[in-house]
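The values are calculated or read from the model by the stated rules, or taken from the named source; none is laboratory data. Here the structure is a predicted model, which is why all the values come from computation and not from measurement. Cβ atoms come from the backbone with ideal geometry, glycine included; neighbour counts cover every protein chain shown. For the accessible areas, the whole protein counts, side chains as well, though only heavy atoms, and no ligand, DNA or RNA atoms are used. Shrake-Rupley method; radii C 1.70, N 1.55, O 1.52, S 1.80 Å.
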Amino acid sequence: MTVTALTTLHVWRVPTRALGRVLARMAVDRRRLRALPGVRFAKLLGTGNGTTFGPGDADLTRWAAVTVWDDPAAAAAFDASAVGRAWARVSESSARVDLRPLHSRGTWSGRTPFGSENGVKTDGPVLALTRARLAPARALTFWRAIPPVTAALHDADGVLSRFGIGEAPIGWQGTISVWRSTAHLLEFAYRHPQHRAAIARTPEARWYAEELFARFAVLDLAGDPAVLGWADGEKGIRGR
């Protein structure tokens, strides 16, 4: 994909009593979301605290969707769609983040879903999305190596929000993190010792059967930023 499209991140907080209904929604709505008018790419995701990328990280009260749309009008119609209404009924709070792709490399389910504006700079907050399908034979070494990196991420300067995402309980995991600026993100990515060590080790360890990294400008935030773990999420975002 060479044409930049609007990407949205929807996150829902659900009560524990609704877990059965949520699991039914996850089973039914994956295909329905992809079939909505104007959808180029879509993934329904579980979330977690991102400490070990194993089943013990799972947060069964928070669920998410990453969707790439043809245009803002198609994205705006989501809330009135059958999928959007179903998730609104099952959730007790939610947030939506509108994103403009800045840089992307790698693939997700064999596709390159996000457009790119390489070289375009933004002065505002940015969102980083990482996603990987672990090579089964390498999963154990990955899980042993990742805790120092995730611990460093939780304490990194300039990080506003961070949580794990997953398409399956084991082996199909990633992270979403929001940063005050591109400079804060790049400082962590390329200068923090734990993260640099993990990057250097990746080619030799061959942890991933497939991987993707994408960086987005945060255009707008609607809903409750606390769902993202983003206490000051409204500051400087809403209404842009």
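Under the classification rounded if a/c is under 1.5, otherwise prolate if a/b is larger than b/c and oblate if not, where does the stretch 1-115 fall, given a ≥ b ≥ c as square roots of the Cα gyration tensor eigenvalues?
On the way: a/c = 1.97, a/b = 1.30, b/c = 1.51.
Taking the square roots of the gyration eigenvalues as a ≥ b ≥ c, the stretch 1-115 is oblate.
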> Using modelled backbone amide H atoms (1.01 Å from N, in-plane), which distant-in-sequence or interchain residues come within less than 5 Å of Ala5's amide H?
Replying inline: Gly115
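Would you list Arg215, Arg17, Arg111, Arg89 from the most to the least accessible area, probe 1.4 Å? Working shown, then result.
Numbers: Arg215 45, Arg17 205, Arg111 110, Arg89 160 Å².
Solvent-accessible surface, decreasing: Arg17, Arg89, Arg111, Arg215.
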> What is the packing order of peptides 81-88, 24-31, 125-132, taking the mean over residues of other C-beta atoms within 10 Å and listing the highest first?
Replying inline: 125-132, 81-88, 24-31
>> Just to verify a number: FRET efficiency for Arg17 and Ala226, C-beta to C-beta distance, R0 = 30 Å, to 0.05?
In response: 0.90
> Long-range amide H contacts for Leu102: which residues qualify at under 5 Å (H placed 1.01 Å from N, peptide plane, sequence gap of 5 or more or a different chain)?
Replying inline: Glu117, Arg215, Phe216, Ala217
> Can you give the extra length, in nm with one decimal, that the chain gains between Glu187 and Leu60 once fully stretched, where that is 0.36 nm per residue apart less the Cα-Cα distance?
Replying inline: 42.5 nm
